[in-house]
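Q: Here's a structure for you.
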Amino acid sequence: SSPASGEPGAVHSGIDFRVAEVTALPFSNGAFDAVLCNFGLGHFPAPEAALNECVRILAPGGRLAFSWWDQPVRQRVQGLFREAIAELGLAPPPELPEGHDTLRFSDPDAFATLLRSAGLDTVRVAAHSTTHVMPDVEALWQAGMGGMAVTGSAIAAQDAATRARVREAIGRRAEAYRGQHGLDIPIAYFVGTGRKRSTTRS
């Protein structure tokens, strides 16, 4: 039967979707010619273990490509929120567990080192930039609160008056990016690629 609307595969029913732990993928050694991961890397608590597992399922000579965000000074959606929080001196809620450094691989050298240490050759980390046009501050606010778990939680834990101050600070800073069709927010990210060595053990 067809999957319900909104579930993985609802639009592309011919694709085999699976949910799995990145450090224990349910695939045999060398099962894939290519492994791709879009903006997941910085969320992995154990990135070395995750990369090693992705390389395990990659066939010798196969290609791997991961993307991750640049520093907030260039990745401005995140930057605007972080700077507003810093301006107001807000601390994360005490119940929020202390996580790993999500900006670790916003350093291209650290990104490249991770790929090489996982057994990849011809490693390249390329910087990319673009602009994300948002119609107004409300769209920016919703994108940040809905898409940044730790940052959004730090703001959501505040009282209504403080949340309003954060939003005002974000909106004030975002005016620097006012364009013809709204807010032209700069976005920057890296794409790291490599090829699995033919002699690497799976």
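Q: Out of A118, A154, A24, any idea which swings most in a Gaussian network model of the chain, alpha carbons joined below 10 Å?
A: A24
Q: Same structure again: Please name whichever of S106, I185, A156 sits farthest to the positive end of the charge dipole of the chain, dipole taken about the Cα centre and charges placed at Cβ: Lys and Arg +1, Asp and Glu -1.
A: After comparing all options, I get S106.
Q: Can you tell me the length gained on complete extension of the stretch A34 to E95, counting 0.36 nm per residue apart and subtracting the Cα distance?
A: Stretched fully, the A34-E95 segment lengthens by 18.0 nm.
Q: Another question about this same structure. What percent do you get for the relative contact order of the chain when only Cα pairs under 8 Å and 6+ apart count?
A: Once divided by the residue count of the chain, the mean separation gives 30 percent.
Q: With all protein chains present, calculate the accessible area of C37 using a 1.4 Å probe and round the result to the nearest 10 Å².
A: Taking all protein chains as shown, C37 has close to 30 Å².
Q: What's the longest uninterrupted piece of the chain once you rule out the GluC sites (Glu not before Pro) that are loop residues per DSSP with at most 10 other Cβ within 10 Å?
A: The answer is 99-202.
Q: Could you sort S106, S153 by their accessible area in this structure, using a 1.4 Å probe and putting the largest first?
A: S153, S106
Q: Ignoring everything except DSSP H segments at least 4 long, calculate the 222 nm mean residue ellipticity for the chain; use -39,500 (n - 2.57) per segment, divide by total residues, nearest 500.
A: Per the formula, -10000 deg cm²/dmol.
Q: Just to confirm the filter: which chymotrypsin sites (Phe, Trp or Tyr not before Pro) across the range 37-92 are DSSP coil and have at most 13 other Cβ within 10 angstrom of their Cβ?
A: Here the chymotrypsin sites (Phe, Trp or Tyr not before Pro) that fit, given the DSSP loop and packing criteria, are F39.
Q: Rounded to the nearest 0.05, what FRET efficiency is calculated for A46 and A20 with R0 set to 22 Å and r the Cβ-Cβ distance?
A: Efficiency, from the Cβ-Cβ distance: 0.90.
Q: Further, regarding this structure: Given R₀ = 45 Å, FRET efficiency for A86-S198 by Cβ-Cβ distance, to 0.05?
A: Between A86 and S198 the formula returns 0.40.
Q: Moving to a separate point now. Among (1) 30, 20, 17; (2) 68, 28, 14; (3) 35, 20, 18, which one is semi-axes √(5λ) of the Cα gyration tensor in Å computed from these coordinates?
A: (3)
The values are calculated or read from the model by the stated rules, or taken from the named source; none is laboratory data. Keep in mind the model is a prediction, meaning the values are calculated, not measured. Here the Cβ is made from the backbone with ideal geometry for all residues, glycine too, and neighbour counts use every protein chain on show. For the accessible areas, the whole protein counts, side chains as well, though only heavy atoms, and no ligand, DNA or RNA atoms are used. Shrake-Rupley method; radii C 1.70, N 1.55, O 1.52, S 1.80 Å.
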